[in-house]
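**Q** Before we start, here is the structure in question, set down as structure tokens.
The values are calculated or read from the model by the stated rules, or taken from the named source; none is laboratory data. Here the structure is a predicted model, which means the values were calculated and not measured. Neighbour counts are summed over all protein chains in view; Cβ atoms, including those assigned to glycine, are modelled from backbone coordinates with ideal geometry. Quick note on the areas: whole protein, heavy atoms, side chains included, nothing else; ligands and nucleic acids left out. Shrake-Rupley method; radii C 1.70, N 1.55, O 1.52, S 1.80 Å.
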Amino acid sequence: MSKDWLNALQSQFGNDRVMTETKDTHSYSFDASFGSFVPEAVIQVYTKEEIVKILKVANEYAVPVYPRGQGTSLSGGPLPVKGGIVIDMAQWDNDLKVYPEDLIVVASPGVKTSAINEAAGKYGLMYPPDPSSSHVSTIGGNLAENSGGPRGLKYGVTKDYVIGLEVVTPEGEIIRTGGKTIKNVTGYDLTKLIVGSEGTLGIITEAVLKIIPKPQFSKTMMAVFDSVVTSGEAISKVLTSGLLPAKIELMDQASIEAVENFKPIGLPVNAEAILLIEVDGHEETVNEEVNQIHGILNELGATDVVIPETKEEEQHLWMARKLVSPAITRVKPTKVSEDATVPRSQIPQMIEKLNAIKEKYHVNLVVFGHAGDGNLHPNIICDKRDKEEMIRVEKAVAEIFEAAVSLGGTLSGEHGIGTMKAPFMEMELGKAGLDMMKRIKKAWDPNDILNPGKIFTSDQNNELVLSHG
Amino acid sequence: MDKELKQLQEKINYDKTFDCVQCGYCLPACPTYETMKKETHSPRGRINLVKEYAEGKISVEDLKEPIDKCLGCNACTVVCPTNVQYGKILEGAKHVIEEKRTKSKKEEWVENLIFDKVFPSRKWMKRIGNVSWLYQKSGLQSLAQKIKMTSIAPLHLDQFEKVLPDLPSPTKRKSRPKVIKAEGETRMRVGFFTGCIMDSVFFEINKKTIELLIKAGCDVVIPETQTCCGALHAHSGKVESSRQLAKQNMIAFEEEHVDVIVNNAGGCGARLVEYEELFTDEQWKEKAKSFVEKTRDVSQILYEALDQIEFTRPINDIVTYQTSCHMINVQKVTKEPFELLQSIPGIEYRQFKGYDRCCGSAGIYNMLNYDDAMDILDKKMTHVKVSRAHTIVTTNPGCLLQMKLGIQREGLQGKMRAVHLVELLHEAEPVSKERQVTAISNNA
């Protein structure tokens, strides 16, 4: 195979910066999802001009390019499924400027998500999107995948905070979308198109993000239920009563039990479900809202409602939620983490369907997550070395997708389509809907060099495969 | 599957690599990912390479450098949400690399000297203690020339030599009794694990450790047949020598019937608490279990005795603390040194950013990977300087030497100092309260 493109890159970057040794290429072959694909070269970038250079070479020689943040993707976003070049953006992490008068932040793509919120915090402001990996993940990755998080319930997700972008197109041109103003209707909203496009349309080199005043006060409560379905009804009732908590997180019995076995915190192990609710805002309003929610929860048959008195006790409860992930993998090592999302009124029905799927395929299915916004996280705990089990898991996952779509929901709330969910796109979007997306891709990236093999099916991913080997 | 591959998988703890879900939560915790800036040098990156090697996808040469460059600080295991046994995977990989490696004459000579002659031998350690460590007058220099190592520079011993303390005279060392009685009433009988470097280069700190222990009501016993803890051997893939050293130590302390086995070196302590995992046969496993249950860091004993001692000399100084990775991440001893420091009157404690990250010393890592270790150290020193502390407290000889080196590299000699926790506690002139009370009542 001719490697003229490699020579071209090496002559522009120098041999040292174009990593091609086995130990390096193999170290950029994975993310936090499934599968491992070895790229031919890895380059770490620090400026937009460097990205322009790489894309011009790649476009000329039609070589696939895979932009990558810190590789925390749960959907295969940065996996180099067709070889080629991985661009590591994570080291370009030093440009971060807060403009408190304009209530905006300007960041380079490698800046960590949590660093943005910390920088805003110095001015009494906050950047709300809070994916649980925010201390690891980069803003570039969050923008590409349009990440969410628990606070999405009240504050929305990444796309709700992006007002302007600088992007390098697949042909190596630098463009700007949006700007620094909240209102902007000049032409098509390319900003929103790029956010969540999973790196298939362009490479983001700078983002202008909106920040908001930090709430002064917050309070946490825990509600215990003897039925998951009732807990789902409680969520719907709270949200239709003129109340908007910052977070409503659900833990089902399997996750409660797993946490208690892992690190006894004193959770009610006999409960079918617990809800963790956080309300934020002004102190008086928060207290009043907590009272109202308390009333609703009792009315709907919560067997117990706990309102911690100290911040330590609150942290203890949130710690329990954080421990779900490590605790459930104690049983078996592989965690298939889904994020199918349904309209909020459909939460109880979705939970019933998930229970049925669990029974039907005898899979170890645990449900927890950001229930308040309909973004449940059904996780299947399995062992990827067990082929027979993994086939059952594949079937169960496919049926979870179908269940969500049939209830008017979506395949993915916040993890992205990537490689794994691509085969199910048509089910949700229909033929024409999917075709419009393909046309957009073709217009932006005629040579299909940017993150090929994602969102749309190709030879590598025309069906869901989770089994190992 | 190929039989050889299967054996390899067992040795390398291949099964444990499946616990890693590659979430990346280890990245911010890893000092080498921070300074080397590549997944190749991140914990999940290394686990992936070990796994691929065990599957026959990459060669041992591909694996070697990333494994060699790991500090083994275990910071990743603390933040890991799925409890991956990284330490086990790393040791498995080192063991296999060590077996496969064809060594050059020079490497063999250095290793033989370090692992077979120096660290297990008390005689050698004494000799090292009596002269400058591993270098100047031990004949190493001339030996090095004889075998055509043109200089000792690859190990950068000259750099370390500059920061070594004044060494005690041989008479002073010989005069140490084997059993030292507690001041006042005996609360417990402790066996003192002296450590190799601690008992040579830092002999004075060991002396002060004993003095503190007797004030805390301990009878201190120093078993003569104790030897090196075996940490450096285990971290270099020399499993069998590590096991032999463990056996010798277990016997040495068992014979003395002590209540507690105390050490003052975070790295050695971490090895001692892992002895049980070295054995599969019941008898030795049982012995190891009892040994591990008795093992404590000196700070744990002194912390428990805080109500029995009083510091009589205030230390008006700004102090910061560089933790020992093996002490906090493996032994899980975290709060005691803080509490002890803050109990000293006069002290202003200031924590620096990244105080709980590896300093780059990591056993003999700073000798084998000098430049990488200095990158890590220099980064640390920028944070130390921000704290404006005058004294850096450590709890392990490797860290102590490394921080001394850091001060020298910054040109801060005379303005900043690095000490062992024991030295600072000793400087505050603790007295046994009980003894004080007795003295007062005698006067009356």
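**Q** When Cβ neighbours within 10 Å are restricted to other protein chains, what is their mean count per residue of peptide B:253-264?
**A** So the per-residue partner count for this stretch is 0.
**Q** Same structure again: Restricting to the protein assembly as shown, compute how many DSSP beta bridges are antiparallel as a %, nearest 5.
**A** For the protein assembly as shown, the DSSP antiparallel bridge percentage is about 65.
**Q** To continue, here is another question. Measuring from the lowest to the highest alpha carbon on each principal axis, how far does the stretch B:168-241 reach, largest first, in angstroms?
**A** Largest first, the stretch B:168-241 extends 46, 30, 18 Å along its Cα principal axes.
**Q** Please report, in cubic angstrom per residue, the volume enclosed by the convex hull of the alpha-carbon atoms of the stretch A:149-292.
**A** Residue-normalised Cα hull volume stands at 178 Å³.
**Q** At a 1.4 Å probe, which residues in the stretch A:1-45 are at least 50 Å² less accessible with all protein chains present than in their chain isolated?
**A** Output list: A:Lys23, A:His26, A:Ser27, A:Phe30.
**Q** Excluding B:Cys20 itself, what net charge comes from residues whose Cβ is under 9 Å from its Cβ, given Lys and Arg +1 and Asp and Glu -1?
**A** It works out to a net charge of +2.
**Q** Follow-up. Would you please state which residues of the stretch B:405-433 a label at B:Asp317 would reach in this model, taking the label point 7 Å out along Cα→Cβ and a backbone N cut-off of under 12 Å?
**A** From the stretch B:405-433, the list is B:414-429.
**Q** Among all lysine pairs in the stretch A:1-143 that are eight or more places apart or on different chains, how many have alpha carbons less than 22 angstrom apart?
**A** Within the stretch A:1-143, the lysine pair count is 13.
**Q** Which of the aspartates and glutamates could a cross-linker span from A:Lys441 if the Cα-Cα distance has to be under 14 Å and same-chain partners fewer than 8 positions apart are dropped?
**A** Candidates past the 8-residue exclusion: A:Glu171, A:Glu198.
**Q** I want to verify the translational diffusion coefficient of chain A in µm²/s; compute it with Stokes-Einstein, Rh as the Kirkwood radius over Cα pairs, at 37 °C and 0.692 mPa s.
**A** 141 µm²/s
**Q** Using only protein heavy atoms and a 1.4 Å probe, how much accessible area in total is buried between B and A, to the nearest 100 Å²?
**A** Chains B and A together bury approximately 2500 Å².
**Q** Within the protein assembly as shown, which cysteines find no other Cys whose Cβ is under 4.7 angstrom from their own?
**A** By the Cβ distance rule, which asks for a partner under 4.7 Å, the isolated cysteines are A:Cys382, B:Cys20, B:Cys23, B:Cys30, B:Cys70, B:Cys80, B:Cys196, B:Cys218, B:Cys228, B:Cys359, B:Cys399.
**Q** Largest first, what is the accessible-area ranking of B:Leu306, A:Leu275 with a 1.4 Å probe?
**A** Ranked from most to least accessible, the order is B:Leu306, A:Leu275.
**Q** A further question on this structure: So how do A:Thr341, B:Thr280, A:Thr457 rank on accessible area, 1.4 Å probe, biggest first, that is with the largest at the start?
**A** Order by accessible area, largest first: B:Thr280, A:Thr457, A:Thr341.
**Q** To continue, here is another question. Calculate, for chain A, the solvent-accessible area per residue in square angstrom, rolling a 1.4 angstrom probe over the heavy atoms of the protein chains.
**A** Value for chain A: 40 Å² per residue.
**Q** Could I ask something else about it? Set Lys and Arg Cβ to +1 and Asp and Glu Cβ to -1, take the dipole of the protein assembly as shown about its Cα centre, and tell me which of A:Pro446, A:Gly281, B:Gly237 lies farthest positive.
**A** Farthest towards the positive end: B:Gly237.
**Q** Count, for each residue of A:131-138, the Cβ atoms from other chains sitting within 10 Å of its Cβ, then give me the mean as a whole number.
**A** The mean count of partner-chain Cβ atoms within 10 Å per residue comes to 3.
**Q** Right, next: When you look at the Cβ of every residue in B:30-39, what mean number of other chain Cβ atoms sits within 10 Å?
**A** Going residue by residue through B:30-39 and averaging, the value is 3.
**Q** Something else: Starting at the first residue of the stretch A:211-225, write each ³J(HN,Hα) from the Karplus equation 6.51 cos²θ - 1.76 cosθ + 1.60 with θ = phi - 60°, in whole Hz, x for Gly and Pro.
**A** In residue order, the calculated couplings are 10, 10, x, 7, x, 7, 8, 8, 9, 10, 9, 10, 10, 10, 10 Hz.
**Q** How much net charge surrounds A:Asn298 when only the other residues with a Cβ under 12 Å from the Cβ of A:Asn298 are counted, with Lys and Arg +1 and Asp and Glu -1?
**A** -1
**Q** By per-residue mean of other Cβ atoms within 10 Å, what is the highest-first order of B:75-84, A:290-299, A:197-206?
**A** Ranked from most to least packed, the peptides come out as A:197-206, B:75-84, A:290-299.
**Q** What pairs in A:Lys421/B:Lys6; A:Lys159/A:Lys454; B:Lys379/B:Lys415 have C-alpha atoms more than 25 Å from each other?
**A** A:Lys421/B:Lys6
**Q** May I ask for the angle, rounded to the nearest 10°, between helix A:48-61 and the longest principal axis of chain A, with both axes built from Cα atoms and the value confined to 0 to 90°?
**A** 70 degrees
**Q** Add -39500 (n - 2.57) for each DSSP H run of 4 or more in chain A, then divide by its residues: what number comes out at 222 nm, to the nearest 500 deg cm²/dmol?
**A** -10500 deg cm²/dmol
**Q** Excluding same-chain pairs closer than 8 in sequence, count the lysine pairs in the stretch B:170-302 whose Cα atoms lie under 13 Å apart.
**A** Close lysine pairs under the 13 Å cut-off: 8.
**Q** What nm distance separates the two modelled labels at A:Lys387 and A:Ser345, each placed 7 Å from Cα along Cα→Cβ?
**A** Spacing of the two 7 Å Cα→Cβ label points: 4.7 nm.
**Q** Over the Cα atoms of the stretch A:341-469, what is the Rg over Rh ratio if Rh follows Kirkwood?
**A** 1.00
**Q** Which of the lysines could a cross-linker bridge to A:Lys360, judged by Cα under 17 Å and excluding same-chain residues fewer than eight apart?
**A** A:Lys395
**Q** A further question on this structure: If you take every residue apart from B:Asp68 with its C-beta less than 10 Å away from the C-beta of B:Asp68, what net charge results, scoring Lys and Arg +1 and Asp and Glu -1?
**A** It works out to a net charge of +1.
**Q** Could you tell me which trypsin sites (Lys or Arg not before Pro) in the stretch A:48-132 are loop residues by DSSP with no more than 15 other beta carbons within 10 angstrom of their beta carbon?
**A** Of the trypsin sites (Lys or Arg not before Pro), the ones in loops of the stretch A:48-132 whose Cβ has at most 15 other Cβ atoms within 10 Å are A:Lys122.
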